[in-house]
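The structure appears below as structure tokens.
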Amino acid sequence: MRRRLFTVWGVLIGIALFLVYRGYPSSLDSWVEDRVYQRQGFADSRIVLIGIDDESIRSLGQWPWPRSVHAELLDRISSGHPAVVAFDLTFQVPSSSPGEDAAWVEAVSKAGNVVLPTYGTFPPFQKRGVVQALTLADPFDALREAAAAVGHINVMADQDQIVRRSLLRFEYKGRAVNHMAWEIYRLYATHVQDRNPSGGMRPLESPPVDEFGRFVVPFTGIPGQYEMFSYASVLRGDIPADYFADKIVMIGPYTASLQDNYVTPLDHHTPMYGVEIHANIVQALLENNEKKTVEWHWNALLLLVMGAAAYVFFRLVHPVYSLLMLAVLTALLLAGGRWLYDKGLLISIGYPLIFLGAFYLAALLLRYFYEWTERRRVTEIFGRYVAPQVVNQILSAGRDGLKLGGVRRTLTVMFVDIRGFTSLSESSEPEEIVSVVNEYLDLAARCIFRYEGTLDKFIGDAAMAIFNAPLEQEDHAFKAVQAALAIQNGAAKLESKWKARLNREISFGIGIHTGPAVFGNIGSRKRMDYTAIGDTVNTAARLESRAKPGRILLSEAVYVQIEGRVAVSRSGFYQLKGKEQEIVAYEVEGLL
């Protein structure tokens, strides 16, 4: 089993290492990142959202609005001296009203701190390295020149349509295009530095990215958590302009009708608007909350360590304790992953968890398969020698119930021999002889099994049975006598049948003795028999040779065990071959 288990372990660990090396995403990794790593926090009060919501559309009319409306809003906000103003709204081409475009450009230029969006389109497959865009949707030229910065607003959802990462930058015709959140953060850092030259923000550092230029978004706010004011209410002056002083003000769609919402890790059911996603990214940059995805070889090392621990425990301990260890290893992975995530490192624990589960299941199945094959082997071996109920006891007791290789115990040994077989062989066809022997020995085996005896062996036309082995039995001497009487009764019918057919007397002679003997697997490594040896066996064989046809001969040792329950004829003294002294024996008449 150990060799098979190691083979399964090697195959599973090899597959997992290959997947880790190739960087194939695991749905379990995504689940862990969402449920364990990502945690709701407090929204940064430096960030304020202005939403184009249903109320604003009802108040200002059908979307899109004239650009003069945006200019008016920007002028009102700018009078309060915000740090940065960002629009999550695209203005690719001039409108049909040059005057409104001019007002809008003038407002952006006058504010001097406006970030405007662009977005790129990409080929369906990207190579590792710098991401190249096919097209770029910049603001129209005059507006782009007036803006303090332009950043992309591409949202990168995973295969399950959940946003967990974002593209820090990409290139378009040699031009580097940063994420809008990064441009907001850069301008805000400049604003803070200008206001407080001696105690500005930390030096700007780009968040760590993966091989495709993406960075992990550690979401803090859930949908609706950031402070948001309706576009119309700000435009009406309901919010004092100085409320926006030194804040990051982000304007964008805040209604499902504008189709700018996405599912995020903190809430798989309520979509988050794009402007809220950008706000989460800005907050992560402000708080230096950066997550670095570790290199694949560290994930591979973690997988190997957990795999080695799983192999040791799942191989050595009971499945119940293995299940507990599986729970412990899983808890360690989750807790360790969370601790490292808080320290800024993102490890892949999906494949280690999948491996642990798969390997535990494989170990469990292998254990049950091994036990099943062991039961089948024991059944096949001992089913030939012992009664079915004895086989069941052996299987139930397990290894402790069956100690092979030589066990000393008091046994009752019975020999059964067909009388008249020699003369029958001389005068009958071989096929008839085989039929007679098979039918008589089959009767003997069935009767032995009925009383839980072990059929040791067939010796030509004779059979040897032992009682009280391989499992200990109560009253084994009486069981042996009962089996002998059953053979005797069954043989009466066979005698009539074969006498009519062959015109010959065929019967059994049976000898039974009780005493110490050694039983177990005896022989060579290549050829062994499950048998009993000792003087007790020899005495039982000698008693059988002295029994009259159709009679059962017991030793005094057996009679002492069954006295009062079996009728016997008066004792006699018998000189057995190989014995110097005569022994006392009894003929069985029947049960009392």
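What follows is calculated from the coordinates using simple rules that are stated; it is not laboratory data. Since we're looking at a predicted model, the values are computed, not measured. Virtual Cβ from ideal backbone geometry, glycine too; neighbours counted across all protein chains shown.
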Where labels lie 7 Å past Cα in the beta-carbon direction, separation of Q92 and L334 in nm = 4.6
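At 0.36 nm per residue, and after removing the present C-alpha to C-alpha distance, how many nm does the segment from S545 to R409 gain when stretched out fully? Please report the intermediate quantities before stating the final value.
Working: separation 136, 0.36 × 136 = 48.96 nm, distance 2.45 nm.
Value of the extension gain: 46.5 nm.
Quick check on the chain: of the DSSP beta bridges with both residues there, what percent are antiparallel, nearest 5%? Let's see the in-between values first.
On the way: 54 of 81 bridges.
Here the share of antiparallel DSSP bridges comes out near 65 percent.
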ask   = Helix by helix, which DSSP H runs in the chain go 15 Å or more along their axis at the Cα atoms and have an average Kyte-Doolittle hydropathy of 0.0 or more?
value = 2-22, 274-286, 296-316, 319-342, 350-382, 430-450
query = What is the extension gain from V36 to K343, computed as 0.36 nm multiplied by their sequence separation minus the C-alpha to C-alpha distance, in nm to one decimal?
reply = 109.1 nm
remark   = Among K457/K548; K457/K579; K457/K493; K457/K479, the pairs whose Cα-Cα distance exceeds 20 Å are K457/K548; K457/K579; K457/K493
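Just want the ordering: T514, T135, T270, from fewest to most Cβ atoms lying within 10 Å of their own Cβ.
With the sparsest Cβ surroundings first, the list reads T135, T270, T514.
What order do you get for S68, S206, S507 when you list them from fewest to most C-beta neighbours inside 10 Å? Don't jump to the answer; show the numbers that get you there.
Numbers: S68 17, S206 13, S507 20.
With the sparsest Cβ surroundings first, the list reads S206, S68, S507.
Could you calculate the FRET efficiency of S425 with W372 from 1/(1 + (r/R0)^6), where r is the beta carbon distance between them and R0 is 45 Å, rounded to 0.05?
Working: r = 44 Å, r/R0 = 0.98.
Efficiency at R0 = 45 Å is approximately 0.55.
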Option label - Cα Rg over 2.2 N^0.38 Å computed here, alternatives (1) 1.84; (2) 1.04; (3) 1.20 = (1)
query = How high is the FRET efficiency from E106 to K292, r the C-beta distance, R0 56 Å, rounded to 0.05?
reply = 0.85
task = Once you have the Kirkwood Rh of the range 486-559 from its Cα pairs, apply Stokes-Einstein at 37 °C and 0.692 mPa s and quote D in µm²/s.
result = 228
request  = For the range 45-286, count the residues as N, evaluate 2.2 N^0.38 Å, and divide the Cα radius of gyration by that value, please.
outcome  = 0.98
request  = Give a quick list of GluC sites (Glu not before Pro) in the range 472-502 that DSSP marks as loop, anything other than H, G, I, E or B, with at most 14 other Cβ atoms within 10 Å.
outcome  = E472, E474
Rounded, prolate or oblate (a/c below 1.5 giving rounded, otherwise prolate when a/b exceeds b/c) for the range 166-282 by Cα gyration tensor = oblate
ask   = Can you give the three extents of the C-alpha atoms in the range 396-591 along their principal axes, from longest to shortest, in whole Å?
value = 51, 44, 35
inquiry  = Can you give me the distance in nm between label points at K493 and S435, each placed 7 Å from the Cα along the Cα-to-Cβ direction?
reply    = 1.8
request  = Mind checking the full-extension length gain between V11 and L204? Use 0.36 nm per residue of separation minus the Cα-Cα distance, one decimal, nm.
outcome  = 64.9 nm
message = Run the simple label-point estimate for D158 and E582 please: 7 Å along Cα→C-beta, distance reported in nm.
response = 9.5
request  = Enumerate the lysines that K110 could reach by cross-link, defined here as Cα to Cα under 27 Å, with residues fewer than 8 away along the same chain left out.
outcome  = K247
task = Quick one: give the max-minus-min coordinate of the C-alpha atoms of the range 231-369 along each principal axis, largest first, in Å.
result = 76, 31, 23
